[in-house]
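Please read the structure below before turning to the comments.
The values are calculated or read from the model by the stated rules, or taken from the named source; none is laboratory data. Everything quoted here is computed from the prediction, not taken from an experiment. Here the Cβ is made from the backbone with ideal geometry for all residues, glycine too, and neighbour counts use every protein chain on show.
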Amino acid sequence: MNAEQRRIQCWDVDAGYAAAQERARCRFSGTQLVLQGRGYQEVGKFRCLSWLPGLLDGESSLAPPQIPNLRNVFWRAFTVLKPRLREYFQSEFAPVFCSMLKMGPMAGELDESYCWHVDSGPSCHLKLIIFLNDDHDGATAVISRQDSRKFIDAGYLQHRRMFHLDAFAEEHGISYTPYKIQPKAGSGLIFEPASVFHKGVYPTFGERRVFQMGIIPWDKPWENFYEEHWAKGYQNTNGFPRYDLGDSGGA
């Protein structure tokens, strides 16, 4: 079983996310699914969250319990994204993890999130990155779903994460085009992290500040998930919960 097969077995099958996705879609009466061909898309302005960057003034990262008014953060983000998320998933949706991060110029050992990778987790989930500031030259780089598939099929996931892909691509005859998303404060990037290769790009000056969350298909509005989990002390910062994904009840 290779790395991708292990991920699918762990999250889609054993953890129940594929079944939860199917249940959510069965209960949804939305428009026809429109797939984003590339597996990623830059999204509109989140000026409504302009107060977030200051929370990182004295911290390199913040977990959910340290983020004040978290429900309000979700509400403001989903006010912008709700139609797009419901169309993509063909169901309701829920935020399953979140965190805030600050990164300055590279110093010392290379952080693996700044090497090319796909994330662990269920096949059907999205990651939203909201760029909180733009007084730096850092960025996020992505490769389309189609080009990412070439690297997966060539066995990239069996290797240690790489900072540069050119040598591997040349060895395996892969043509690809990386896209560098240069952030504007208040803009965002939403993508399929389990199938789209991506990495952070270190700034050479300033500090890169982001808010990120993982989003899954759910069979009730996100507020229900919030009340059942986040409001009761749920503290997941950068991954997927291992709780009962059985029928959440109701339509």
Count of residues meeting criterion [modelled with pLDDT under 65, farther than 20 Å from K127 by Cβ and either under 19 Å from the mean Cα position of the chain (by Cα) or not in a loop (DSSP other than H, G, I, E, B) (or both)] in region 215-251: 0
Quick check on this structure: which one of S148, S99 is crowded, with 18+ Cβ neighbours inside 10 Å, at pLDDT 95 or above, under 19 Å from the mean Cα position of the chain (by Cα) and outside any loop (DSSP other than H, G, I, E, B)? S148
Tell me, please, whether a residue that is touching a helix residue (DSSP H, G or I) at 6+ places or on another chain (Cβ under 8 Å) and either in contact (Cβ under 8 Å) with a residue 60 or more places away in the chain or surrounded by fewer than 16 Cβ atoms within 10 Å (Cβ to Cβ) (or both) can be found in region 132-141. yes
Output the residues belonging to region 127-177 that are within 13 Å of C115 (Cα to Cα) and touching a strand residue (DSSP E or B) at 6+ places or on another chain (Cβ under 9 Å). A139, T140, A141, V142, I143, Y156, L157, R161, M162, F163, H164, L165
Looking only at residues that are touching a residue at least 60 places away in the same chain (Cβ under 8 Å) and outside any strand (DSSP E or B) in region 102-113, which one is nearest to E223 (Cα to Cα)? S113
Could you list, in sequence order, the residues of region 50-76 that are in contact with a Lys or Arg (Cβ under 8 Å, 6 or more places away or on another chain) and not in a loop (DSSP other than H, G, I, E, B)? P53, L56, S61
Lone qualifier among R84, R23 - being crowded, with 16+ Cβ neighbours inside 10 Å, more than 16 Å from the chain's Cα centre (by Cα), assigned to a helix (DSSP H, G or I) and modelled with pLDDT under 90: R23
Can you tell me which residues in region 32-49 are at pLDDT below 80 and polar (S, T, N, Q)? Q32, Q36
Among the residues of region 73-119, what is the count of those that are farther than 15 Å from F163 by Cα and hydroxyl-bearing (S, T, Y)? 4
